[in-house]
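Notes for the one structure printed next.
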Amino acid sequence: MTAELGLAALWLAAALAGLQLLAGALALTDRGAMLAGIVRPVAVVQGVLALVAFLALIAVFADTDLSVKLVAMNSHSLKPMIFKIAGAWGNHEGSMLLWVTVMGMAGGVVALIERRLPEPAMLATLAGQAFVSLGFYAFLLIASNPFERLSPVPEEGNGLNPLLQDLGLAFHPPTLYLGYVGLSVAFSFAIGALVTRQVGPAFARAMRPWVLGAWIFLTLGITAGSYWAYYELGWGGWWFWDPVENASLMPWLAATALLHSVSVLASRDALRAWTVMLGVVAFSMSMIGTFLVRSGILTSVHAFAVDPQRGSFILALLAINIGGALTLFALRAGTVSEGERFMPVSREGALVFNNVMLSAILGIVLFGTLYPLVAEAMGAKVSVGPPYFNPMGALFAVPMLVVLAVGPLLRWRRDRFSRVRRLLVIPAMLVGTGVIAMVALGGVALLPTLGFALALGLGWASVLPLKGRNLRRTPLPIWGMVVAHFGIAVSLLGMSCESAFSIEKLVAVKMGDATGVGPWQVKLDAVEPMAGPNWTALEARLLVRYGDHGKVMQLDPQSRSFWAPPQQTSESALLTRWNGQLYAVLGGEADDGRWQLRLWWKPFVPLIWLGGLLIALGGVLALFGRVASDLRRIFAREKIAYRRGRIAQLESSRE
Amino acid sequence: MAQAGRIKAKHQRLVLLAVALLVLIGAALLAAWALRNQASYFYVPAEIAARPPEPGRSVRLGGMVTRGSLKTAADGVTIAFAVEDGRARVPVRFKGIVPSLFVEGSGVVAEGRLGADGVFQADNLLAKHDENYVPREMKDMTRDQAEQVMRETK
């Protein structure tokens, strides 16, 4: 019953999206103006219905209703409850339903609360949102119905990929999806502004919280995904330039550029056409990401089903949405009038420079990700990895980081370097010291050296905008900027230290024998079997000590065997100290009874993800600041209206 | 500074557009050049025998692990084995923890480089994880070549 309820809600939501598109488009014409009133309520109800469908899917997964094909394919009655629920979106159909749910609800929220834009721009925005949603509803209902029944009902389900049975990963896809879909709202605003020729600060202010929100979720999603890959894959790396990782990085790069240009548009009324273009590009990257991950065109842990029909369906959606938006942009870009001017040396100039750098990095990642597909079409099998991405990315990231340190100190419109030169003496000295220190150490590659030095300089420079300010009165968005930029320095420092100072040890040890990695002494104490709810494992007990006098601590890496589906994973064990992480992986047993151990000492590696969290925190602060000042403005307006009403009342009663 | 006021908004937009386009086209050309040099090509043993890649260039090698070829060195973590495709055989050396489904007679993709001594130095081994996760090249190979390979090697 629940499944049918969900399916009915999904069909109704799709129908309402159609109505929303039609009514929104007609209401823009003279004759359809009376339809304008229904667009907002329809958008809200559409969001609610999509949520009902999604909750129905969670319900069938929670009670493992094996008559639903999706549950039988992806779940198992013995799975822990949290993974049963997470399993609802840990597959192709469920994740697409999550996508439309978030998209529908975002549209509903826009319809409910956004009152600043002129009504025609709102109608065009909601119609645009409905247009994009409609494509995804069609995709779900035609090519990937999540509620399809199965007959005969199987005795037991297939289970979920063990690599995905991890708490962090249960919340990783929804986080990224919130980011992807938040960008769809920005896209719809851009479409609405283009259609009604209303590209200006009001449009930017309406769009900004959505871009900020999406960017926060993308940042968190990438940070969590990177940490997951780090501890779950057991390879010791934190970023592999895997196509799926790139699929989440590309929208982030575009959103970062958009976030900054939308701020310029909101406060300085410059960069109009560029902001609209970035709005289109950012959502295009979300869709390309979804296409790469979901079409099965790339083999990866994340690519669920290989189904050519689905791939072509998403590709068609991609072509329609992106092609349509770019055509609209080409037609209307000429009518977007120029914004305010600025000098090259100014805050705007720095932001434009970094926007271009971000776009260049985005292009490089996109090229590298798509190149294997193109090459394969031409008959060559290639893969592209760090030897391409690292130097090419750094080529544009290094100038970007330098400008990132200087830009926030510059004034809007026009400035001189000589004004900020004195402020930059200490950061420049820090960069120099960093380079000298790394060269003196010797054996450190170029990129970690540069990264380390720039991280020191940027760390100092990023807090300089607070200099001379009353910290209590500093607006939250400024705090947000400082915290996020500081987070970039922290993350960069972690990355550089990881690649410059990591020590790896690969050994086979007898029971009771000791080995060492960096400052650590590691003793293999025991290897014992143990059992979990749907797996068995061999667990090693490692007794570890930092230095000669440290406290003895215990690490328990496992080698797990899942039985539904049958698969082995290695569960690494981590020990975090203030100055780094010890990372241990248990390998196989050699013929002579020795056990393989792979150990890493990674100084300061947690800074990578700590930096990621700081970047997201900066976003949260800025979002809070913006929303709070918007709310204050709304309250003030209502108060004024109320007082005027009272005065009018009093005057009329006096008469 | 003085001329700042005289630059028209339209001109500024054109200049910005030109600079941005120039940088992006430059990035694209650089990327294309780097991709030609840095992309890692996929080889089967017969191709390595016929046209070996230059030593030190990172490539990937795919094939079946030859039965009886797997040897573990005295340190317990270095292994040597051979990869074959029915026509040629390439010796491989790998130091690390092998994937759980890496066994003799099954498929493998090794990432690494061909050494000057003709031994392939693998940095990473990809084995078939489960039905849903197969290295892409191996999927094609099991379809096109595996049966033939098995027939010829048995």
Pull up region B:33-44, narrow it to residues that are farther than 19 Å from A:ALA397 by Cβ and within 7 Å of another protein chain (Cβ to nearest Cβ), then point me to the one that is surrounded by the most Cβ atoms within 10 Å (Cβ to Cβ). B:PHE42
A:GLU156 versus (1) at pLDDT below 85; (2) within 14 Å of another protein chain (Cβ to nearest Cβ): which is the lone unmet condition? (2)
Exactly one of these conditions fails for A:ASN470: (1) assigned to a helix (DSSP H, G or I); (2) away from chain B (no Cβ under 14 Å); (3) of a type outside the set (Ser, Thr, Tyr). Give me its number. (1)
Got a sec? Which of A:GLY532, A:GLY518, A:GLY547 is out of contact with any helix residue (DSSP H, G or I) (no Cβ under 9 Å at 6 or more places or on another chain) and on the phi > 0 side of the Ramachandran plot? A:GLY547
Output the qualifying pairs, or none if there are none: Cβ atoms under 6 angstrom, residues six or more apart or on different chains, first residue in region A:229-252 and in contact (Cβ under 8 Å) with a residue 24 or more places away in the chain, second residue among the aliphatic types (A, V, I, L, M) and part of a loop (DSSP other than H, G, I, E, B). A:PRO243/A:LEU298
Out of the residues in region A:197-226 meeting the condition of being of a type in the set (Phe, Trp, Tyr) and under 21 Å from the mean Cα position of the chain (by Cα), tell me which one is farthest from A:VAL620 (Cα to Cα). A:TRP210
Hey, among A:LEU610, A:LEU631, A:LEU617, which residue is surrounded by 18 or more Cβ atoms within 10 Å (Cβ to Cβ) and not charged (D, E, K, R)? A:LEU617
Assess whether A:VAL431 counts as being surrounded by 19 or more Cβ atoms within 10 Å (Cβ to Cβ) and within 14 Å of chain B (Cβ to nearest Cβ). no
Could you tell me which of the residues B:LEU17, B:LEU61 is free of Cβ contacts under 8 Å to residues at least 12 places away in the same chain and either touching a helix residue (DSSP H, G or I) at 6+ places or on another chain (Cβ under 6 Å) or surrounded by 12 or more Cβ atoms within 10 Å (Cβ to Cβ) (or both)? B:LEU17
Among the candidates B:VAL65, B:VAL103, single out the residue that is within 12 Å of chain A (Cβ to nearest Cβ) and not charged (D, E, K, R). B:VAL103
Please find, within region B:112-132, the residue that is modelled with the lowest pLDDT out of those that are buried (at least 18 other Cβ atoms within 10 Å of the Cβ) and within 14 Å of chain A (Cβ to nearest Cβ). B:HIS129
If A:GLU539 satisfies every condition in (1) surrounded by 12 or more Cβ atoms within 10 Å (Cβ to Cβ); (2) farther than 26 Å from A:SER502 by Cβ but one, which is the exception? (2)
The strands (runs of 3 or more DSSP E) lying wholly within region A:484-552 that contain at least 1 residues that are free of Cβ contacts under 8 Å to residues at least 40 places away in the same chain, within 14 Å of another protein chain (Cβ to nearest Cβ) and touching a His at 6+ places or on another chain (Cβ under 9 Å) are none
If you take the residues in region A:28-59 that are over 27 Å from the mean Cα position of the chain (by Cα) and crowded, with 23+ Cβ neighbours inside 10 Å, which one is farthest from A:MET96 (Cα to Cα)? A:VAL39
Pairs under 7 Å by beta carbon, first residue under 21 Å from A:TRP535 (Cβ atoms) in region A:566-586, partner in a strand (DSSP E or B) and β-branched (Val, Ile, Thr), six or more apart or different chains? A:SER570/A:VAL585; A:SER572/A:VAL585
Sole exception among (1) within 8 Å of chain B (Cβ to nearest Cβ); (2) touching a His at 6+ places or on another chain (Cβ under 6 Å) for A:LEU351, by number: (1)
When the residues of region A:435-448 are filtered to those that are under 18 Å from A:SER502 (Cα atoms) and in a helix (DSSP H, G or I), which remaining residue is modelled with the lowest pLDDT? A:LEU441
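Conditions tested, residue by residue: (1) in contact with a strand residue (DSSP E or B) (Cβ under 8 Å, 6 or more places away or on another chain); (2) without any contact (Cβ under 8 Å) to a residue 60 or more places away in the chain; (3) surrounded by fewer than 22 Cβ atoms within 10 Å (Cβ to Cβ); (4) within 10 Å of chain B (Cβ to nearest Cβ).
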{"residue": "A:GLY323", "(1), (2), (3), (4)": "no, yes, yes, no"}
{"residue": "A:ASN355", "(1), (2), (3), (4)": "no, no, no, yes"}
{"residue": "A:GLY379", "(1), (2), (3), (4)": "no, yes, yes, no"}
{"residue": "A:PRO387", "(1), (2), (3), (4)": "yes, yes, yes, yes"}
{"residue": "A:ALA394", "(1), (2), (3), (4)": "no, yes, yes, no"}
Based on what the data block shows, is B:GLY96 within 14 Å of chain A (Cβ to nearest Cβ), surrounded by 15 or more Cβ atoms within 10 Å (Cβ to Cβ) and at positive phi? yes
Taking the options A:ALA224, A:ALA202, name whichever one is more than 30 Å from A:GLU340 (Cα to Cα), outside the structural domain of A:ILE58 (by TED's automatic domain parsing) and either basic (Lys, Arg) or surrounded by fewer than 24 Cβ atoms within 10 Å (Cβ to Cβ) (or both). A:ALA224
Hits in region A:486-544 - residues which are farther than 25 Å from A:TRP239 by Cα and β-branched (Val, Ile, Thr): A:VAL509, A:THR515, A:VAL522, A:VAL527, A:THR536, A:VAL544
How about region A:583-641: which of its residues are more than 14 Å from chain B (Cβ to nearest Cβ), aromatic (Phe, Trp, Tyr) and either assigned to a strand (DSSP E or B) or under 23 Å from A:GLU498 (Cα atoms) (or both)? A:TRP601, A:PHE604, A:TRP609
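The values are calculated or read from the model by the stated rules, or taken from the named source; none is laboratory data. Quantities reported herein were computed from a predicted structural model and do not represent experimental measurements. Counting neighbours? That spans all protein chains shown, and the Cβs are built from the backbone with ideal geometry, glycine included.
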